[in-house]
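Below: one structure, written as structure tokens.
Read-outs throughout are calculated quantities, based only on the coordinates presented, and are distinct from any laboratory measurement. What you are looking at is a predicted structure, and each value in this text was computed from that prediction instead of being measured. With ideal geometry, Cβ positions are generated from the backbone for all residues, glycine too; neighbour counts draw on all protein chains shown.
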Amino acid sequence: MNELLARLRKILDPQGIIENGISERVTDGWGASECRAPAIIRPTNTSQLSEVMKHCFAAGQKVVTHGGCTNMTRGCVSSSDELVISLERMTALESVDLINGTMTVQAGAPLQLVQQRAETAGLMFALDLGARGSATIGGNIATNAGGNQVIRYGMAREQVLGLEVVLADGRILSSMNQMLKNNAGYDLKHLFIGSEGTLGIITRAVLRLRPLLPVCHTAMVATTRFDQMSRLLRHMAGALGGKLSAFEALWQSYYQIACRGDGMGAPPLPPDYPFYVLIEASGANRDADREEFLQALNEALASGLLADAVLAESSQQQQAMWAIRDNIPSLLPYQPMILFDVSLPVSTMENYLLAVEKNLKAIDRSLFIATLGHLGDGNLHLAVQLGNDTKARRTAVEKAIYRPLQERGASISGEHGIGLEKKAYLQISRNETEIQVMRQLKQLFDPHCLLNCGKVI
């Protein structure tokens, strides 16, 4: 490896290789440090990365790609015989096309900077999630991130028009399409979106921007039963005529924890309701949209779907409500903990959660679980406190969560991906033929298994 690093130094500038302090690097959203690589390679553009990968391919050197390292599935873990490819210096926001509604960026650009740049141009980048300040566009695309507005705008896949990718052998696959409609053969970008860096390294992207809607109404509501939440979702979606942009469910177990902590202020609603929902709608007519939003809430209250509700009267109050939803770090004191990310039809959620609760009690009646989710798109997050973090306990808890998914035709991953953490359970959500085809694609694009080897499949 020393000879390889010597060759790479000739390609990169003095800041292009880091060999000190590597073990202290955070590798996931929980703050874990599992970076055991002897060096971190930091290219500044696609051409540099291409040259780096040509040398790695010739040497048979395995690499692990790092973006913002906010993942929840140990997808950035590296061993002592792997090099880390970090895109932390590839952060350029190259251009905004106002006519076509696109933005071209390097993959290391933080999500929040992309959002802010779009807003200054009077447009919006629709992908949004709690880790927006550190999560990178390349990582968002590589994991097909979901987030808070999937119900209206779709996942990361729907926000990408074109990609540039460096393949395992160093070839540059540039498909920087800027059109909404391009049906000229295979749409190759979709092979890399959600592939978690196992088929190629995303270096640049053409992002789809949307109109920046000037009006946003937000409310926090409470219900006493799960079925009221699911009925409320149908009601609000119909009453708002396509303007519903977020429908985030918080169980009492999470709400009570997330409302505590420095800077959180007083909770918008009392903490003794079983369920809470953060509802948001966006539009273009302030008065008419507000009236429509209030009417929809009043109808829900009159029909018994709500037990309580509060409407945000300012952007500060909106931010305070979203701060509760995004306060995942409030769970850190409950470590060791596993955050699960499952996806299933809303109609099966209540029954599924009852089965999970029964399974966990059979392991240990003291196990603590906090639940929240993007109810509008069928995605739940379950944070389970392990108590003692033994391999046997961890495996038992994983099976308690995952096995009830199989009989419901559900998914072990709604938006976080597979990484290392969920690899053993992939067959729950993918059949044998699907997994065989995944392996064939891996063999085609990365025959020597150099890219994130051992992850996903």
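Residue separation times 0.36 nm, minus the C-alpha to C-alpha distance between Gln252 and Leu213: what's the value? It would help to have the intermediate numbers written out before the result.
Details: separation 39, 0.36 × 39 = 14.04 nm, distance 3.17 nm.
Fully extending the segment from Gln252 to Leu213 adds 10.9 nm.
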Hypothetical label at Leu180: residues of the range 101-129 whose amide nitrogen lies under 17 Å (7 Å Cα-Cβ projection)
101-103, 123-127
Helix 46-59 axis, angle to the chain major axis (alpha carbon atoms, nearest 10°)
60 degrees
Sorted by Cβ density within 10 Å, fewest first, the residues Cys259, Cys35, Cys76, Cys449
Cys449, Cys259, Cys35, Cys76
Hey, with R₀ at 30 Å, roughly what FRET efficiency would Thr395 and His448 work out to, going by the Cβ-Cβ distance, to 0.05?
0.45
About the Cα centre, charge dipole magnitude for the chain (Lys/Arg +1, Asp/Glu -1 at Cβ), debye
960 debye
Approximate spin-label separation Arg286-Asp81, in nm, with each point projected 7 Å along Cα-to-Cβ
6.4 nm
Which whole-Hz couplings ³J(HN,Hα) result when phi for each residue of the range 394-399 is put into the Karplus expression 6.51 cos²θ - 1.76 cosθ + 1.60, θ = phi - 60°, listed in order with x for Gly and Pro?
4, 5, 5, 5, 4, 5
Give the lysines whose C-alpha is closer than 28 Å to that of Lys423, dropping any in the same chain fewer than 8 places away, or say none.
Lys62, Lys189, Lys358, Lys361, Lys391, Lys399, Lys442, Lys455
Ranking Ala107, Val456, Gly409 by how far each Cα lies towards the positive end of the charge dipole of the chain (+1 on Lys and Arg Cβ, -1 on Asp and Glu Cβ), the top one is Val456
Given 12-21, 413-422, the highest-first ranking by average Cβ count within 10 Å works out to 413-422, 12-21
Rank the residues Leu209, Leu367 as a footprinting-exposure proxy: fewest other Cβ atoms within 10 Å of their Cβ go first.
Leu367, Leu209
Where does the range 335-443 land on the Kirkwood hydrodynamic radius, alpha-carbon pairs, in angstrom?
14.5 Å
Selected from Leu294, Phe445, Cys216, residue furthest toward positive end of dipole (the chain; charges at beta carbon):
Phe445
Give a residue-ordered list of calculated ³J(HN,Hα) values for the range 211-219 (Karplus: 6.51 cos²θ - 1.76 cosθ + 1.60, θ = phi - 60°; whole Hz; x for Gly, Pro).
x, 7, 7, x, 10, 9, 10, 10, 9
Provide the per-residue ³J(HN,Hα) series for the range 321-333, in order, calculated from phi with Karplus coefficients 6.51, -1.76, 1.60 and θ = phi - 60°, each as a whole number of Hz, with x at glycine and proline positions.
5, 5, 4, 5, 4, 8, 7, 4, x, 5, 7, 4, x
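Assign one of three labels to the range 205-326, namely rounded, prolate or oblate, based on the Cα gyration tensor with a ≥ b ≥ c the square roots of its eigenvalues; rounded applies when a/c is under 1.5, prolate when it is not and a/b is larger than b/c, and oblate otherwise.
In terms of gyration-tensor shape, oblate.
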With each label point set 7 Å from Cα along the Cα-Cβ vector, what nm distance links Ser134 and Gln427?
3.6 nm
Under the 7 Å Cα-to-Cβ spin-label approximation, Thr224 and Ser315 lie apart by a distance in nanometres of 3.9 nm
To the nearest 20 Debye, how big is the dipole of the range 2-89 about its Cα centre, given +1 on the beta carbon of each Lys and Arg and -1 on that of each Asp and Glu?
200 debye
In degrees rounded to 10, the 0-90 angle between helix 111-120 Cα long axis and the longest Cα principal axis of the chain is 70 degrees
The answer for chymotrypsin sites (Phe, Trp or Tyr not before Pro) in the range 366-457 that fall in a DSSP coil and have at most 11 neighbouring Cβ atoms within 10 Å is none
Shape call for the range 18-129 from the C-alpha gyration tensor, a ≥ b ≥ c root eigenvalues: rounded (a/c under 1.5), prolate (a/b greater than b/c) or oblate?
oblate
Just in the range 138-217: which trypsin sites (Lys or Arg not before Pro) are loop by DSSP and have at most 13 other Cβ atoms within 10 Å?
Lys181
With +1 on the Cβ of every Lys and Arg and -1 on the Cβ of every Asp and Glu, the dipole magnitude of the range 335-443 about its Cα centre, in debye rounded to the nearest 20, is 420 debye
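So, R0 is 25 Å and r is the distance between the beta-carbons of Arg408 and Asp187; what FRET efficiency does that work out to, to 0.05?
0.25
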Based on the alpha carbon coordinates of the range 134-227, what radius of gyration and maximum Cα-Cα distance (Dmax) apply, in Å?
16.8, 56
Ranked from fewest to most other Cβ atoms within 10 Å of their own Cβ, His381, His190, His55 fall in the order His190, His55, His381
Can you grab the distance from the C-alpha centre of the range 153-172 to the C-alpha centre of the range 216-255, Å, no decimals?
33 Å
